[in-house]
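Just below is one structure, and these are the notes that go with it.
Each reported figure results from applying straightforward, stated rules to the coordinates on display, with no laboratory input. Computed from a prediction, not measured in an experiment: that's the story for all the values here. Don't worry about glycine lacking a Cβ; one is built from the backbone with ideal geometry, like all the others, and counts go over all protein chains shown.
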Amino acid sequence: MDTVCRKIVITSGKGGVGKTTITANLGYFLSKCGKRTCLVDADFGLNNLDVITGVENLISYDVIDAANGRCRAKQALVQCPFDKNLYVLPSSHSFKSGVSPDGLKTVIDELFPYFDYILIDCPAGISGGFHTAVSQADEAIVVTTSLLSAIRDADKVISALGGYKLKSVRVLVNMVRGDLILDKELLSPEEVEGVLRTELIGVIPSDDAVMLSGAGKLPPESEGYKAFKTLSLNVVKNKNKIFDCYRQYSGFWGSLRRSLRKNL
Ligand SMILES: Nc1ncnc2c1ncn2[C@@H]1O[C@H](COP(=O)(O)OP(=O)(O)O)[C@@H](O)[C@H]1O
Ligand SMILES: [Mg+2]
């Protein structure tokens, strides 16, 4: 049992690489391990954490209200209907004013005693919102894909994170295509780790089930489910066991699946 709440920011250089998806699903698997987990939507303006966690119709207040003193942080928390250990602090869909680092600090300080994990969903890039989110974390997970454009932007984020006193900065490669890596069309997660000179915390395969299911709804037999489970155990136990994204493309049936996917 953790004694101190861990505050982890989920960040990326490029948008659309899966930060919100990772925040929601990692949060769900942490809560399944019995960890009291709070997901904070710090991607003000382009927020959708409430949608993927299915709480969008349960919101009374949001993080901006809490940061500006219109309510207590606890009043803005929404418990996920499918898991009593998982809470969301949603952001606003309307364009209210943003949140300052001090405003977010007040909110997170209030929640800190009640949770084992606070995951902060960060806006892409290294503008003001990035600094607000990162300033309240003590660990960072940088999400990238295997595409060069995403890796380049991840590198810039990792440099920017160097300006903060974080206990750890680790990389997560999302939407991994084992078939294209085996065909030498894309870099492997280990190669991405080498290019970024930053430890890998996990990989999540490209999986339609991840795209189509909300958090907590992934079918247990799906590759995405198994990969998120491995990732959550890495986070809890500080390990870096890497989910095998090639298994489904090896052997006779795997080769067939690989050539069918190539011809799609
Ligand atoms: N591992 C994955 N496999 C398939 N689709 C994914 C995966 N991760 C994310 N996606 C999809 O990619 C899109 C962008 O993800 P999102 O989490 O909103 O990115 P970000 O928060 O970084 O902008 C969404 O449609 C999401 O369902
Ligand atoms: Mg997002």
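Odds and ends about this structure:
- Stretched out straight at 0.36 nm per residue, the stretch from ASN57 to LYS74 would grow longer than its current Cα-Cα span by 4.4 nm.
- On Cα atoms only, tilt of 223-237 relative to the major axis of the chain in degrees: 60
- Efficiency of FRET from Cβ geometry, ALA209 and SER259, R₀ 25 Å, rounded to 0.05: 0.70
- Placing unit charges on the Cβ atoms only, positive for Lys and Arg and negative for Asp and Glu, gives segment 12-59 a dipole magnitude near 300 debye about its Cα centre.
- One equal scatterer on each Cα of segment 127-264, no solvent, Debye formula: the resulting log10 I(q)/I(0) at q = 0.14, 0.21 Å⁻¹ is -0.71, -1.35.
- Note on the chain: with charges restricted to the Cβ of Lys and Arg (+1) and Asp and Glu (-1), its dipole about the Cα centre is near 400 debye.
- Structure remark: mean-square fluctuation, Gaussian network model of the chain, C-alpha springs under 10 Å; the largest value among ASP109, ASP50, ASP41 belongs to ASP109.
- One Cα centroid belongs to segment 36-81, the other to segment 229-264; the line between them spans 33 Å.
- Of every Cα-Cα pair in segment 1-126, the percent that sits beyond 25 Å: 14
- Inter-probe distance in nm under a simple model that places probes 7 Å from Cα toward Cβ, at ASP109 and LEU147: 4.1
- Report note on the peptides 116-124, 29-37: ranked by the mean count of other C-beta atoms within 10 Å, highest first, their order is 116-124, 29-37.
- Dividing the summed -39500 (n - 2.57) terms of all DSSP H runs of n ≥ 4 by the residue count of the chain sets its mean residue ellipticity at 222 nm at -11000 deg cm²/dmol.
- Dipole moment magnitude, nearest 20 debye, segment 57-126 about Cα centre, only Lys, Arg, Asp, Glu C-beta charged: 180
- Estimated FRET transfer efficiency (GLU221, ASP183; beta-carbon r; R0 25 Å; 0.05): 0.45
- Overall, the anisotropy analysis places the chain in the prolate class: the square-rooted eigenvalues a ≥ b ≥ c of its C-alpha gyration tensor yield a/c not less than 1.5, with a/b exceeding b/c.
- Just checking the listed ones, CYS80, CYS245, CYS71: in the Gaussian network model of the chain with Cα springs under 10 Å, the one fluctuating most is CYS71.
- Across the options ALA140, LEU212, ASN174, the greatest Cα extent toward the positive end of the charge dipole of segment 115-214 (unit charges at beta carbon of Lys, Arg, Asp, Glu) belongs to ALA140.
- Our Cα-only numbers for segment 55-167 put the radius of gyration and Dmax at 15.2, 43 Å.
- Exceeding the 27 Å Cα-Cα cut-off - candidates LYS7/LYS74; LYS14/LYS74; LYS184/LYS237; LYS184/LYS226: LYS14/LYS74; LYS184/LYS237
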